[in-house]
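Heads up, the thing below is written out as structure tokens.
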Amino acid sequence: MANPIPLLLLLFFFSPFALLKVQAFTGTYGVNYGRLANNIPSPDEVVTLLKAAKVRNVRIYDADHSVLKAFGGTGLEIVVGLPNGQLQDMSENAEHALNWVKDNVQSFLPATRIVGIAVGNEVLAVEDLSLWEALLGAVKNIYNATKKLHLDEMIEISTANSFAVFANSYPPSSCKFKDNVSQYMMPILEFFSQIGSPFCLNAYPFLAYIIDPENIDINYALFKPTKGIYDPKFRLRYDNMFDAQIDAAYAALENAGFDKMQVIVTETGWASNGDQNEVGANVSNARTYNYNLRKRLAKMKGTPHRPKNVVKAYIFAIFNENTKPGATSERNFGLFKADGSISYDIGFHGLNAGGSSHLSFKNIKNQGLSRSYTVVFSLSALILLIFWS
């Protein structure tokens with residue numbers, strides 16, 4: 001075999017993979033691709049939608065092979081998920097974790113740009129404490145598997161947390177982790193600090209609002225003009241709840257001793273329909289929230305407490321999911337309806353919008369929307385194939 005050092009240098013300087021350990025999220029805007037539905041477009045059609053919308057960052061909640069194959073060669077960057085149901089097995093058996101990474105990540109590289117693995121979702125909020133106990137072991141075994149396969153510099157390991165891990169979040173500076181969560185959270189944060197992973201937060205002003213609509217200003221939740229709130233400890237004013245929720249997470253991390261860890265928003269959104277008691281779940285508010293959120297993320301700025309940490313967020317979700325259990329709102333977070341048409345207008349076009357807005361695979365190709373991704377991607381793929389051979 002030829003000396004691999006020159007090839008490694010080429011890989012470092014020319015491949016976008018080389019930067020993923022530092023920045024596994026390109027830009028500031030991404031989407032969650034939930035698939036708890038029996039009537040949504042195919043993965044190939046989803047690729048068409050995402051390219052037309054120029055959305056590059058995508059999260060899925062498993063490692064479905066049909067999705068990973070469809071995303072191959074597209075330049076879209078995807079975070080795959082290890083479901084909660086597999087945590088105990090991965091925690092107890094390092095060989096199973098290695099095989100999972102081989103089958104669901106390595107086998108699709110470099111054609112499919114898998115940039116991260118989310119180990120579980122909102123684990124420290126579920127009732128099953130055995131999953132809490134399994135989380136750290138699963139995280140370590142999955143990470144060690146990527147390291148053994150020489151993928152650790154290009155695959156970021158994370159786990160998403162809900163607001164249920166916090167004891168208090170108002171005002172933001174008062175936020176800290178719940179006592180019963182801390183014993184599980186602290187070692188995870190310590191490990192993430194060692195490997196350079198962020199704290200992933202599912203932040204929903206919608207959920208906060210529907211719990212207490214009488215005391216929360218809807219304008220504050222929707223990024224609309226409002227007097228906001230003042231945090232006396234931070235000596236900062238917040239004009240929207242989204243920023244306040246992120247800074248609450250930063251406060252909890254600081255209180256725990258991890259003041260250098262970055263917060264990434266892995267889910268946020270607003271339901272376009274809901275049950276009678278889900279006040280504010282309507283199309284108008286969903287459009288307002290997602291439209292204003294998109295504008296806010298496009299500014300590429302930080303929060304009042306962390307102005308230098310550019311906010312990055314994955315929107316929940318691409319589609320309404322008709323088989324998702326729970327309240328009506330759970331099935332109505334989609335930016336798009338099941339037929340691929342838009343749920344409301346925030347600047348995207350549907351699959352069958354008609355006229356000049358009609359999208360097809362041929363149109364996408366002719367518009368050259370994938371060209372900027374494909375050229376540099378092909379170079380990195382070629383280099384990786386040479387190196388691995």
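The values are calculated or read from the model by the stated rules, or taken from the named source; none is laboratory data. Being a predicted model, the structure only gives us computed values, none of them experimental. Please note: Cβ atoms are built from the backbone with ideal geometry, for glycine as well, and neighbour counts cover all protein chains shown. Only protein heavy atoms, including side chains, enter the accessible area calculation; ligands, DNA and RNA are left aside. Shrake-Rupley method; radii C 1.70, N 1.55, O 1.52, S 1.80 Å.
Checked against the criterion of being open to solvent by 10 Å² or more (accessible area, probe 1.4 Å), at pLDDT 95 or above and not in a helix (DSSP H, G or I), the candidates V79, V115, V119 yield just one match: V79. Of all the numbered requirements in (1) touching a Pro at 6+ places or on another chain (Cβ under 9 Å); (2) modelled with pLDDT of 50 or more; (3) open to solvent by less than 60 Å² (accessible area, probe 1.4 Å), F17 misses one, and that requirement is (2).
Do we find that E267 is more than 13 Å from S343 (Cβ to Cβ), charged (D, E, K, R) and part of a helix (DSSP H, G or I) in this structure? Criteria not met by E267. Residue count for the stretch 42-54 satisfying the condition of being in a loop (DSSP other than H, G, I, E, B) and either at pLDDT below 95 or buried (at least 21 other Cβ atoms within 10 Å of the Cβ) (or both): 1. Taken over the stretch 134-160, the criterion of being in a loop (DSSP other than H, G, I, E, B) and more than 13 Å from K102 (Cβ to Cβ) is satisfied by D152, E153, M154.
Does T323 count as touching a Leu at 6+ places or on another chain (Cβ under 6 Å) and open to solvent by 40 Å² or more (accessible area, probe 1.4 Å)? It is true that T323 is touching a Leu at 6+ places or on another chain (Cβ under 6 Å) and open to solvent by 40 Å² or more (accessible area, probe 1.4 Å).
Do we find that V123 is touching a strand residue (DSSP E or B) at 6+ places or on another chain (Cβ under 8 Å), among the β-branched types (V, I, T) and without any contact (Cβ under 8 Å) to a residue 40 or more places away in the chain in this structure? Judged against the criteria, V123 is a match. Just one of the numbered conditions (1) touching a Phe, Trp or Tyr at 6+ places or on another chain (Cβ under 9 Å); (2) farther than 22 Å from V265 by Cβ; (3) of a type in the set (V, I, T) is not true of I117: (2). Going through the stretch 55-70 one residue at a time, which ones are out of contact with any Leu (no Cβ under 9 Å at 6 or more places or on another chain) and either of a type outside the set (V, I, T) or surrounded by fewer than 19 Cβ atoms within 10 Å (Cβ to Cβ) (or both)? R59, D64, H65, S66, L68, K69, A70 - these are the residues of the stretch 55-70 that are out of contact with any Leu (no Cβ under 9 Å at 6 or more places or on another chain) and either of a type outside the set (V, I, T) or surrounded by fewer than 19 Cβ atoms within 10 Å (Cβ to Cβ) (or both). Is it true that N322 is part of a loop (DSSP other than H, G, I, E, B) and closer than 16 Å to F199 by Cβ? Considered against the rule, which asks whether it is part of a loop (DSSP other than H, G, I, E, B) and closer than 16 Å to F199 by Cβ, N322 comes out as no.
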